[in-house]
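Chemist: Here it is, the structure, as structure tokens.
Please treat every number below as a calculation from the coordinates, not as lab data. What you are looking at is a predicted structure, and each value in this text was computed from that prediction instead of being measured. Virtual Cβ from ideal backbone geometry, glycine too; neighbours counted across all protein chains shown.
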């Protein structure tokens, strides 16, 4: 009984600590989107330039998430998070000086050479930042799969995944007010960076690794083929089988790509798009809109996780297929409503889309983790992360070029098409087995 109480205490401590820790990564990653309109107005940087940067850093983040997935399965999660977040904080403070760096290199305070060099400096710093951003999710996924039993993984992973929305939502409101009240894009990096610096200390003090690291037994009913033979060769063979040669993982990865196309279209371009509506929103109201989109996403994740475990027997992929269809419906409605529609109505429908979208965003990884097992869960999610961030080719350079060439009129119908593709693909997994563990009745 004492062991059970101790396990429950540490389980929730790890979940809450890693949630707060991961939300800090958003403070030093998604702030660039809110600086973009100011940078454009101040220096004349085009949407195409911004789109190229967003595509490049997104691909780098996806590759980093992929590689860190393999590291996370074999490395202490606490130190993994501390090292990654420390590097991101330092780069964010440096980013606030990118105009000074450009002036130092070119000897100019303005003009095409100055702006071109500044874009290059920002691109390099954002690439480096996203190299270390990949240290955020994989170790957290390792923690969840070592501390949470498969039968309740959907519910508790959904709770943990609210860290995405908490981080992005609070940052959206914070940066919206920073831009509105000061007009200084640098503060979008320095203030969130200072908050994230405090998060590094929090992670170090509160977080621990697996149950065995605090003297507790590992989870029951999570036996794998790797148990008893954890050599490097055995581990590589296990990862090949459970991840790279597993068709379920590949279907989930491609589905997640479509989920992230829709998600990043809103997060990366939302502040710019909402400011150009026929009834435009001010920067701080646009920030609140994206923040509310994230809050709705939090509620959607919690509902989707609970429904998966209690009504679908943990078959999270079925919930994902249904919700992607509902996302498409919301986006079609946003396309069809008149341009003169009240921003409040737009906000309501956009929030509903977020409610349905963030279920799949959280639960596709749960399905992958169950099938790859706790021994290779982060490797599987790393592969999915790599595929999902291929989406930035579409949402970054693609939408940047699209908006410069054609405007924003058909954005929502385009995103609805991607949502439908994701739902149909996920539906092909409707009858797959529950997980990849070796259960006694099948041994």
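Chemist: Measuring from label point to label point, each 7 Å out along Cα→Cβ, what is the residue 7 to residue 232 span in nm?
Modeler: The modelled label-to-label distance comes out at 3.4 nm.
Chemist: Something else about it: Going by average Cβ neighbours within 10 Å, how do the peptides 60-72, 363-375 rank, with the highest at the top?
Modeler: 363-375, 60-72
Chemist: For a quick check: sort 9, 43 by the number of other beta carbons within 10 angstrom, fewest at the front.
Modeler: Final ranking by Cβ density, sparse to dense: 9, 43.
Chemist: Could you work out the Kirkwood radius for segment 368-440, taking every pair of different alpha carbons, averaging 1/r and inverting it, reported in Å?
Modeler: 15.0
Chemist: Hey, another quick one. Provide the packing ranking of 23-30, 239-246, i.e. peptides ordered by the mean count of other C-beta atoms within 10 Å per residue, highest first.
Modeler: Answer by packing, highest mean first, reads 23-30, 239-246.
Chemist: Also, quick follow-up: How large is the direction-averaged shadow of the alpha-carbon convex hull of segment 31-105, in nm²?
Modeler: So the Cα hull casts an average projection of 6.2 nm².
Chemist: For the residue pair residue 152 and residue 430, what label-to-label distance in nm results when each label sits 7 Å from Cα along the Cα-to-beta-carbon direction?
Modeler: 3.1
Chemist: Among 176, 297, 90, determine the one that fluctuates most according to a GNM of the chain built with springs between C-alpha atoms less than 10 Å apart.
Modeler: Greatest mean-square fluctuation among the candidates belongs to 90.
Chemist: To the nearest 10 degrees, how steep is helix 187-206 against the longest Cα principal axis of the chain, on a 0 to 90 scale?
Modeler: For 187-206 against the chain, the angle is about 20 degrees.
Chemist: Continuing with the same structure: Note the listed values (1) 59, 52, 40; (2) 70, 56, 41; (3) 69, 48, 38, then indicate which one is Cα extents along the principal axes in Å calculated from this particular structure.
Modeler: (3)
Chemist: Place a point 7 Å from the Cα of residue 180 along the Cα-to-Cβ direction; which residues of segment 16-50 have their backbone N under 13 Å from it?
Modeler: Once the point is set 7 Å along Cα→Cβ of residue 180, nothing inside segment 16-50 turns out to lie under 13 Å by backbone N.
Chemist: So how many Å³ per residue does the convex hull of the Cα atoms of segment 305-393 work out to?
Modeler: In segment 305-393, the Cα hull volume divided by residue count equals 109 Å³.
Chemist: Counting other beta carbons within 10 Å of each Cβ, put 189, 311 in order, fewest first.
Modeler: 311, 189
Chemist: Further question on the same structure: How high is the relative contact order of the chain, given as a whole-number percent (alpha carbon pairs under 8 Å, six or more residues apart)?
Modeler: 28
Chemist: Here's another thing I want to ask about it. What's the extension gain from residue 194 to residue 120 if we count 0.36 nm per residue and subtract their Cα-Cα distance?
Modeler: 24.2 nm
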